[in-house]
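Since the structure comes first, as structure tokens, the remarks are kept for the end.
The values are calculated or read from the model by the stated rules, or taken from the named source; none is laboratory data. No experiment lies behind these values; they were computed from the predicted model shown. As a convention, Cβ positions derive from the backbone with ideal geometry for all residues, glycine included, and neighbour counts pool all protein chains shown. Heads up: the accessible areas ignore ligands, DNA and RNA and are worked out on the full protein's heavy atoms, side chains in. Shrake-Rupley method; radii C 1.70, N 1.55, O 1.52, S 1.80 Å.
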Amino acid sequence: REKVKDSIAHLNIGQLYGLLIHDVCDLTRHTGDIVFKAISDLKREGLTKKIGVSIYDPNDLDLLFSKFDFDIIQGPLNLFDQRLILSGWMEKLYQMNKEVHVRSIFLQGLLLMEPQDRPKYFSKWRDLFKKYDSWLNKNKITKIEASLQFVLSSGQVDKVIIGIDSTDHFQEIINIVKNKYKPIDTGFYSQDQLLVNPQYWKL
């Protein structure tokens with residue numbers, strides 16, 4: 001409660017828009033009920049408008065929604081990591097009227113790298129990257145355009161969280177978002193956790 005109040009004061013706002021649990025384990029441990037009650041109380045008191053959870057694997061949602069109810073689900077979604085869609089959870093969350101925030105749309109910058117700049121660790125997926133690079137060239141689309149258009153055209157994503165490293169990068173993203181984006185249908189996704197989950201990368 002004190003941390004939330006400090007954040008509200010520092011941000012000079014009346015309440016937080018959303019308060020998210022960062023680690024699913026905080027909810028699956030024996031103290032999970034206590035944690036959920038605490039954030040629910042903060043919502044009830046008006047310190048935050050919505051509560052949610054950040055996930056790494058859509059499979060976590062089966063357990064979480066069997067016990068808890070959230071307003072916001074934040075998870076990874078990108079051209080290679082489409083587990084949120086393929087698991088059926090994207091559609092479920094849409095039908096449940098939950099707010100979906102997606103992150104890692106560039107897969108930690110991997111999807112924006114030139115072939116020669118990709119770490120050796122990813123060489124085992126060279127065929128997938130070759131298919132990706134070929135598709136980009138064939139469709140005359142930049143890497144950043146492809147990543148943005150993929151998540152923005154889904155129709156079931158409410159917010160996109162991005163990281164930037166310069167004002168030029170930020171402006172480029174704004175310019176792409178301003179344009180009309182077409183749905184992107186790709187077949188180069190992977191469900192290999194060693195690739196799509198940066199927690200398992202050995203760089």
| message | Would you confirm whether or not the range 144-158 contains a residue that is hydrophobic (A, V, I, L, M, F, W, C), in contact with a His (Cβ under 9 Å, 6 or more places away or on another chain) and assigned to a helix (DSSP H, G or I)? | response | yes
| note | Taking the range 13-55 and the residues there that are among the polar types (S, T, N, Q) and part of a strand (DSSP E or B), the one that is surrounded by the most Cβ atoms within 10 Å (Cβ to Cβ) would be Thr48
| remark: Ile162 vs (1) open to solvent by 90 Å² or more (accessible area, probe 1.4 Å); (2) of a type outside the set (Ser, Thr, Tyr); (3) touching a residue at least 12 places away in the same chain (Cβ under 8 Å); (4) in a loop (DSSP other than H, G, I, E, B): all pass except (1)
| note | Checked the range 74-90 for anything free of Cβ contacts under 8 Å to residues at least 60 places away in the same chain and touching a helix residue (DSSP H, G or I) at 6+ places or on another chain (Cβ under 6 Å); matches are Gly75, Leu84, Trp89
| Got a number for residues in the range 167-190 being modelled with pLDDT of 90 or more and in a loop (DSSP other than H, G, I, E, B)? | 2
| query | What pairs come up if the first residue lies in the range 54-69 and is in contact (Cβ under 8 Å) with a residue 60 or more places away in the chain, the second is part of a helix (DSSP H, G or I) and buried (at least 19 other Cβ atoms within 10 Å of the Cβ), and their beta carbons are under 8 Å apart, counting only those six or more places apart or on different chains? | reply | Asp57/Arg83
| Residue satisfying all of: in the range 165-192; in contact with a helix residue (DSSP H, G or I) (Cβ under 7 Å, 6 or more places away or on another chain), without any contact (Cβ under 8 Å) to a residue 40 or more places away in the chain and open to solvent by 40 Å² or more (accessible area, probe 1.4 Å); nearest to Trp135 (Cα to Cα) among these | Lys182
| For Ser123: the one exception among (1) farther than 30 Å from Ile34 by Cβ; (2) outside any helix (DSSP H, G or I) | (2)
| field | Tabulated pairs, the range 2-13, first at pLDDT 95 or above, second surrounded by 10 or more Cβ atoms within 10 Å (Cβ to Cβ), C-beta under 6 angstrom, 6+ apart or interchain | value | Val4/Leu42; Val4/Leu47
